[in-house]
Structures are given as structure tokens and as C-alpha cells.
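Notes to accompany the following structure.
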Amino acid sequence: MNDQFLEIDGAQIPIEFRKSDRARRLLLRVDQRREVVVLTLPSRVSRREGLTFARGNSRWIAERLASLPPRIRFRRGARVPLLGEMHRLAHVPPGTSPRRGAAWVEDRVIHVTGEEAHFARRVQDFLRSTARREIVSRAERYAAQTEKELRAITLRDPATRWGSCSPRGDLSFSWRLILAPAFVLDYVVAHEVAHLSVFSHAPRFWALVGDLVDDAADAKAWLKAHGASLHRYGP
């Protein structure tokens, strides 16, 4: 809950406090999507102490905020990546579409039908549905290669993780991976499917990932360098 602000260079930056019984020290990060400072407090640390800590790191916070890539809203004419290839967003007014369906891709243009007031939501719906189709297809292929059975596959919008595998074998992915190049999406899906065979990050886990995809190192490097930019797209 953003009920506190941190003043940095005359700007009021929202700060969000989170209590954690497991945290051993104060943890400070910047939520790239919301441009909010998130401060995790160990159970015995007060908000006042946390705020003092955040103020002491105001230069770091300012630098992090200044380094964020530009925010790209889902507006007609905007350019967004689809599997790493830039596409222009185009609005198709109601009653003028020669096609059935809410959205389609043609010549690197994402055409979105309906009332303009719902344009951003429809763009996001299209990206999420495309992400699900691409992720499920890859997950099924990698699961067949490793002779594992898939359970639930969920798409979310986490702030810090691209994918996860629960102890039960349920897989979860960020829908924003559809914005990344195909080889990056391949790697993340292969990574989580490999956890169905090896739940840890032991050497045999990485060997299995290497069997599934050829460029895991390049994909990890891409996410480290450009992953933050994927969180800057949205309504």
C-alpha cells in the first residue's frame, strides 16, 4: 500500500513497505512497472528505520529511476515487439473490419478492432493470448523431449521472475516474454520444463537445458541487458 512518499530532487516517489519474517536485512528495489520504491523490512525493523535507510540510498534510487527505459503505452501508432520484432499498433473502428476476431497481425502491424476506449486492454489481451499459445506449444515440445507430463500452465505479470516451477510441477510464466526474441522465450520455457526433471540448479539441470536449447547463455545475457524494457510496455 503506497501510503508514504520519499522526496528525491523535489519529486514525490511512492514507497511501499513490506514486512518479512524471513528477511535478515533491509532490501530495497525499484518496481520497474509502477515506478515505486519497494522496501522489505525484517520483522523487527520499524517503518521509521526503513524510511531512514531509503533516504540514505536516495541517490541510488534516483539513478535507478533515471535509467528506466521509456514507457510505451498501448496506443494506436505505438510500436511494440512481438517475439522481438517491432510491430505497429493500428486501430480498426467497429464495423469496418473485413476479418472476424478482435485482433490479427499482418505486415508487422497488429490490427485491433473495437471501440478505441478499449484499445489498450484489447492489445494486452491479444499479447497474453499469443503468449499462451507460444508458451504452451514450446512447453509441450520440451515436455515430450524429456518424457514428462505437463500440469497447469499459468500466465502472470510478476515484477522479478520470468518463469517458475512449483514443487507440484505447475508452471508459471510472465506474459511479457512474448515481447522478447523467440530464442529468449525458448530458453525460459525450456528452463522451467527442465525443472520437471531436476528441481534444483544442479549441473545435470543445466546439461538438460543445454540439450533442449542451443543458446541458453545468450538468452540469459539478453534478459539481463534488456529484461527491464519489457516491463515498460503497458496500458
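For a quick check of your reading: which strands (runs of 3 or more DSSP E) sit entirely within segment 44-124 and have at least 3 residues that are basic (Lys, Arg)?
none
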Practice task
Select from segment 195-204 the residues that are within 12 Å of residue 170 (Cα to Cα) and of a type in the set (A, V, I, L, M) and list them in ascending order.
Solution key: 196
Problem - Residue in segment 194-215 that is under 30 Å from residue 66 (Cα atoms), among the polar types (S, T, N, Q) and surrounded by fewer than 16 Cβ atoms within 10 Å (Cβ to Cβ) present - result: no
Handout entry: Cβ-Cβ under 7 Å pairs, at least 6 apart or on other chains, segment 214-232 side more than 15 Å from residue 82 (Cα to Cα), far side assigned to a helix (DSSP H, G or I) and β-branched (Val, Ile, Thr)
Key = 216/209; 219/184; 222/184; 223/184
Problem - Whichever residue in segment 140-175 is among the acidic types (Asp, Glu) and closer than 17 Å to residue 208 by Cα and, among such residues, is nearest to the chain's Cα centre (by Cα) - result: 140
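Going by the conditions given, is residue 145 polar (S, T, N, Q), in contact (Cβ under 8 Å) with a residue 60 or more places away in the chain and closer than 24 Å to residue 33 by Cα? Spell out the reasoning first.
Values: polar (S, T, N, Q): yes; in contact (Cβ under 8 Å) with a residue 60 or more places away in the chain: yes; closer than 24 Å to residue 33 by Cα: no.
So residue 145 does not fit the description; no.
This table checks each residue for (1) surrounded by 13 or more Cβ atoms within 10 Å (Cβ to Cβ); (2) modelled with pLDDT of 95 or more.
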| position | (1), (2) |
| --- | --- |
| 143 | yes, yes |
| 147 | no, yes |
| 155 | yes, yes |
| 159 | yes, no |
| 163 | yes, yes |
| 173 | yes, yes |
| 185 | yes, yes |
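The values are calculated or read from the model by the stated rules, or taken from the named source; none is laboratory data. Model, not experiment: these values are computed from the prediction. In this analysis, Cβ positions are derived from the backbone assuming ideal geometry, glycine residues included, and neighbour counts consider all displayed protein chains.
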